[in-house]
1. Looking at region 115-244, what % of the alpha carbon pairs are farther apart than 20 Å?
2. Restricting to bridges with both residues inside the chain, how much of the DSSP beta-bridge set is antiparallel, in percent to the nearest 5?
3. For Cα extents along the principal axes in Å, which listed value, (1) 51, 40, 35; (2) 46, 41, 39; (3) 50, 44, 33, comes from the coordinates shown?
4. Order these by the 10 Å Cβ neighbour count, fewest first: 228, 67.
5. To the nearest Å, what is the center-to-center distance of region 175-220 and region 37-87, using C-alpha atoms only?
6. Arrange the peptides 23-32, 210-219 so that the one whose residues have, on average, the most other Cβ atoms within 10 Å appears first.
7. Suppose R0 equals 35 Å. What FRET efficiency, 1/(1 + (r/R0)^6) with r the Cβ-Cβ distance, do residue 139 and residue 77 give to the nearest 0.05?
8. Nearest 500 deg cm²/dmol is fine: what mean residue ellipticity at 222 nm does the chain get from its DSSP H runs of n ≥ 4 alone, each adding -39,500 (n - 2.57), divided by its residue count?
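Since every read-out is calculated from the coordinates, none of them should be taken as a lab result. The structure presented is a predicted model; accordingly, all values stated were derived computationally and were not measured. Glycine gets a Cβ as well: all are built from the backbone with ideal geometry, and neighbour counts include every protein chain shown.
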């Protein structure tokens with residue numbers, strides 16, 4: 001992938017090579033899964049074609065700047081779990097474009113068709129994606145906990161994925177407690193933006209858009225409840241709306 005530049009022509013972070021890896025756990029593969037490969041590939045190509053000019057031209061600003069979070073991460077030496085609403089997934093792809101490697105998250109997905117329709121695009125844009133197995137006897141949250149404990153990596157989660165929109169599921173608190181992670185709420189605001197409401201709610205950037213990434217103060221994973229994670233993200237959403 002070429003080294004991206006912003007809309008002013010300035011060189012940004014060096015090119016990164018992404019990859020997709022899978023949880024090494026027993027699972028039962030669906031017999032129809034190979035038939036869905038062409039659909040997943042076509043969807044990823046279409047999404048990448050849409051996102052590439054946005055990736056190249058968007059102006060991204062973190063509020064507060066990532067230096068604040070970087071210092072906290074260095075001091076604590078703890079993994080970071082970034083979390084946001086599922087609707088912000090396309091914006092998040094651009095939001096982390098210029099974030100330094102020590103702060104970058106591994107994106108978490110699953111092996112179902114709706115997730116696979118987006119995964120390769122992330123890898124083509126230089127992200128690491130890790131896929132849990134939904135049909136494994138090992139629960140997804142335990143697969144994710146094993147990943148963080150084994151690799152010590154940062155991850156990104158959309159805690160309302162697969163459930164009611166706008167509600168943080170209890171698995172986030174359980175993962176954060178088991179891994180002693182710092183947990184950072186993230187909300188993105190983009191202008192102009194395209195809103196998609198079917199089959200899932202998503203916000204897509206447009207070329208030459210301005211993206212502001214609001215990130216809250218890191219929460220102490222082992223001592224934060226699901227309700228507190230919910231409130232932190234809702235409060236950050238309110239702050240982002242007032243800042244528009």
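1. Details: 4538 of 8385 pairs.
Across region 115-244, Cα pairs with separations above 20 Å total 54 percent.
2. Working: 13 of 35 bridges.
Percent antiparallel among DSSP bridges in the chain is about 35.
3. (3)
4. So the residues, fewest neighbours to most, are 67, 228.
5. Using only Cα atoms, the two centres lie 8 Å from each other.
6. Values: 23-32: 12.4, 210-219: 19.1.
In decreasing order of mean packing, 23-32, 210-219 become 210-219, 23-32.
7. Details: r = 27 Å, r/R0 = 0.78.
Calculated value: 0.80.
8. On the way: 7 runs with 90 residues, N = 244.
Estimated from H runs of four or more residues: -11500 deg cm²/dmol.
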